[in-house]
Amino acid sequence: MNESHIATIASALGLQPSQVRHTAQLLAEEATVPFIARYRKEATGSLDEVVIADIRDRLETLAAIDKRRETVLNSLEENGHLTDALRERLEAADSLVEIEDIYLPYRPKRRTRATIAREKGLEPLAQLLMAQETGLDPFVAAEAFVQPEAGVASVDEALAGARDIIAETISEDADARSRIRRLFQEKAVVSSTVIEGKQAEGATYRDYFDWQEPIATIASHRMLAIRRGEKEDILSVSIRPDETEAVAILESLFIRTDGPAADQLRAAVKDGYKRLLSRSIETEIRLWAKERADTEAIRVFSENLQHLLMAPPLGAKRVLAIDPGFRTGCKVVCLDRQGKLLHHETLFPTAGSERQAREAADRMRRLVADFAIEAIAIGNGTAGKETLAFVRSLDLGKDIPAVLVNESGASIYSASEVAREEFPDLDLTVRGSVSIGRRLMDPLAELVKIDPKSIGVGQYQHDVDPDRLKQALDDVVIRCVNRVGVDVNRASVQLLTMVSGIGPRLARNIVAYRNEQGPFVSREALKKVPRLGEKAFEQAAGFLRIPDGAHPLDASAVHPERYAIVEAMARQVGVSLHDLMKHPEHRNRIRIADFVSETVGLPTLNDILEELAKPGRDPRDRFEAVEFAEGIDSMEDLRPGMHLNGIVTNVTAFGAFVDIGVHQDGLVHISELADRFVRHPSEVVRVQQAVKVTVLAVDTERRRISLSMKTEPASPPERVPLSTQAAESSARSDKSKRKKKPPIQKPGPFHNPFRDLLGDGSHS
């Protein structure tokens, strides 16, 4: 184990080296992040999943740096460039950028102007100029290098070649690159302009047709939008600091005297910056800005996904689920308490004839009675609210709630390989209805079947690094699944796959064994599953639940390796294990300190006592349905000033999108989220949160709704501005424009340039 890596990570995260060391050791032993967080708290000092995953990622990054360092050292040695000083510099480098800067002058490269000048024998002249000896006359010195047969016909050509060598030397100098890189990061300006003739084609990006903003402060979503516009050949983009300041930095590094030689060096410095260094560093900064934007976008996506996955479940109920529709009718399915499909058919309650509506009503009442339905789930897409009104008109009783369910991603599931395997003979719409019903029962169990990128709670998810995004979203899904726990006798292959230590192959083996042998009666019985060895059992057992199992603790989050401790606790107070779990007065008599050992400390013991109080408890909130306003079914029904109930469907860096039951999400801009200043919307709202909003403005032509969550919302302006920047620029003076400083531009409350890129929020 590399102790320098341990120290580096501990310092960066503000942890004790021992915490990082023990975590690294557990990861090296192939322990999973959820297992370490839940069952090895004594080793890590009670680190949570997020920190443990961060340690894992940093260890991987440092390993990649070590691997590249070794490759560079080998290359330098093979080519005869490696010196003790160079080795020392590389060993001290702590980033890939620093390693590449050191290696740059020595790495093989294509023929350049400097290469050609060296071939003409002009490197000694370049070295003379860079030495800046007192009294050196460049023109006199250059005369000795005039060799027509070598391609140097004059003093001017000799000096030009020497300057090319100097320019390249400067552009490859590690210190120079570091200083200029820092200048770019701190003071470069992102500038975008529309490519001539692309105004109409690129209307989506009109807010960036003439845009400037400091790279240091540009928001993630704006950087990603600008990059996408450039990729689509709509925008021309540059990222540069003030050239004068950059050249001055380089001159301070390389010019020590004044005189004729200094003039040659100044020319070489300027050329080296403009032609070589600025372009190279701009490429780096683009990647740096992209990575920074990706990090923020992935963070927002991950946070939204976690809230969606941890949405309150209705629980094991017999559900009638409806995928609503007008012309094609409503696809109706009946599910048992385990989500098994019992029946499906098509009804026409909303768009057919009056006779069809009566028949649908009679049939719906019959289905509810025949299948002892306990709840009704209705997709919130087209005809959703109309179908909800129809169901409620049947007067089925208060004990049978009818709930609109967010069907985002249901169509993705319907066409997936998972759905085809489960329902090979059913139509896509029937599969979608099943997904809607199961999502009401348990959002987590159903959503794990869908690629997280397709769930619709992200921001520019198609623009960020796909590998980083997948790792982050997988971490979120795994974290949520293991936090909730899984009933091993009901879970799908997809849900079991996300359990610590299981994976796809073992998940299939578990389901196959369950189908052949019947339900598992104990956790110990899991060891009979083919290829489920001791290591997998150790990692998975605590997260797999067996209600009414052979051992009372099989339904809890207590790990089997700690059953003996709980049994000893029961003996200590003289009661049975069952009574210990049932009666708090018995648990209150436990002398917990008596059970502390070298491997089990108070964190684990406290977790055990907490679990005994509520065995197998679900950490998710209690389910509560959101009631949308009656009679407000489309955008045409909305009026400024209306107060409505809504549910948050997506949180971005610039605001939150809210479903108010009109098939078009409204935007609560960050400036309208609260009566106080909000740094980021996640401080105030989360996905699936029920909120109360006020309608500020409605643009039916452009399908945009502006909402507010303020106590006293701002009055809407007389007209809706055409763009965010139009609204912003109207408040800026002509004087500020003339200064040409990078404007701090923020999205206005009634238009959002990223809305076009994210999608229209429609449920249809």
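Here are the numbers for this structure:
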read-out: Residue count, the range 454-477 (criterion: in contact with a helix residue (DSSP H, G or I) (Cβ under 7 Å, 6 or more places away or on another chain) and charged (D, E, K, R)); value: 4
read-out: Filtered residue count, the range 607-617, keeping only those that are outside any helix (DSSP H, G or I) and crowded, with 16+ Cβ neighbours inside 10 Å; value: 2
read-out: Any hit, the range 232-244, residues being in a helix (DSSP H, G or I) and crowded, with 23+ Cβ neighbours inside 10 Å; value: no
read-out: Candidate set from the range 275-330 (those that are closer than 25 Å to Ser435 by Cα and aromatic (Phe, Trp, Tyr)); member that is surrounded by the most Cβ atoms within 10 Å (Cβ to Cβ); value: Phe301
read-out: Qualifying position, being closer than 24 Å to Thr652 by Cβ and not aromatic (Phe, Trp, Tyr), among Arg505, Arg479, Arg438, Arg490; value: Arg479
read-out: Residues located in the range 206-222, provided they are more than 21 Å from Gly458 (Cα to Cα) and not charged (D, E, K, R); value: Tyr208, Phe209, Trp211, Gln212, Pro214, Ile215, Ala216, Thr217
read-out: Extreme residue, farthest from Asp137 (Cα to Cα), among residues of the range 264-274 that are surrounded by fewer than 23 Cβ atoms within 10 Å (Cβ to Cβ) and either touching a Pro at 6+ places or on another chain (Cβ under 8 Å) or among the basic types (Lys, Arg) (or both); value: Lys274
read-out: Residue count, the range 59-83 (criterion: more than 30 Å from Val33 (Cβ to Cβ) and either assigned to a loop (DSSP other than H, G, I, E, B) or touching a residue at least 60 places away in the same chain (Cβ under 8 Å) (or both)); value: 5
read-out: The range 535-550, residues that are under 22 Å from Pro619 (Cα atoms), at pLDDT 95 or above and either surrounded by fewer than 18 Cβ atoms within 10 Å (Cβ to Cβ) or small (Gly, Ala, Ser) (or both); value: Ala540, Ala541, Gly542
read-out: The range 585-601, residues that are closer than 12 Å to Val573 by Cα and either without any contact (Cβ under 8 Å) to a residue 12 or more places away in the chain or assigned to a loop (DSSP other than H, G, I, E, B) (or both); value: Glu585, Asn588, Arg589, Ile590, Arg591
read-out: Residue satisfying condition, being within 29 Å of Val662 (Cβ to Cβ), among the hydroxyl-bearing types (Ser, Thr, Tyr) and in a strand (DSSP E or B), within set Thr387, Thr346; value: Thr346
read-out: Helices (runs of 4 or more DSSP H) (entirely within the range 424-523) containing at least 2 residues that are among the charged types (D, E, K, R) and touching a residue at least 12 places away in the same chain (Cβ under 8 Å); value: 428-441, 466-484, 503-517
read-out: Filter result (at pLDDT 95 or above and either buried (at least 19 other Cβ atoms within 10 Å of the Cβ) or outside any loop (DSSP other than H, G, I, E, B) (or both)) within the range 189-207; value: Val189, Val190, Ser191, Ser192, Thr193, Val194
read-out: The one condition in (1) free of Cβ contacts under 8 Å to residues at least 60 places away in the same chain; (2) closer than 30 Å to Gly135 by Cβ; (3) assigned to a helix (DSSP H, G or I) that Gly229 fails to fulfil; value: (2)
read-out: Of the criteria (1) outside any helix (DSSP H, G or I); (2) at negative phi; (3) touching a residue at least 24 places away in the same chain (Cβ under 8 Å), which one Arg679 fails; value: (3)
read-out: Count of the range 397-453 residues which are of a type in the set (S, T, N, Q) and closer than 23 Å to Gln471 by Cα; value: 2
read-out: The range 145-180, residues that are assigned to a helix (DSSP H, G or I), charged (D, E, K, R) and within 39 Å of the chain's Cα centre (by Cα); value: Asp175, Arg177, Arg179
read-out: Near pairs, Cβ below 7 angstrom, 6+ apart or cross-chain, from the range 324-349 (farther than 11 Å from Met364 by Cα) to any residue that is aromatic (Phe, Trp, Tyr); value: Gly329/Phe348; Leu342/Phe371; His343/Phe371
read-out: Residue match in the range 84-105 (condition: under 27 Å from the mean Cα position of the chain (by Cα) and without any contact (Cβ under 8 Å) to a residue 60 or more places away in the chain); value: yes
read-out: Residue that is nearest to Ala419 (Cα to Cα) [pool: residues in the range 313-354 that are basic (Lys, Arg) and modelled with pLDDT of 90 or more]; value: Lys340
read-out: In the range 544-564, the residues that are of a type outside the set (Gly, Ala, Ser) and under 19 Å from Phe35 (Cα atoms); value: Leu544, Arg545, Ile546, Leu553, Asp554, Val558, His559, Pro560, Glu561, Arg562, Tyr563
read-out: Selection from the range 443-455 of residues that are under 13 Å from the mean Cα position of the chain (by Cα) and surrounded by 22 or more Cβ atoms within 10 Å (Cβ to Cβ); value: Pro452, Ile455
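The values are calculated or read from the model by the stated rules, or taken from the named source; none is laboratory data. Computed from a predicted model, the values in this text were never measured in an experiment. As a convention, Cβ positions derive from the backbone with ideal geometry for all residues, glycine included, and neighbour counts pool all protein chains shown.
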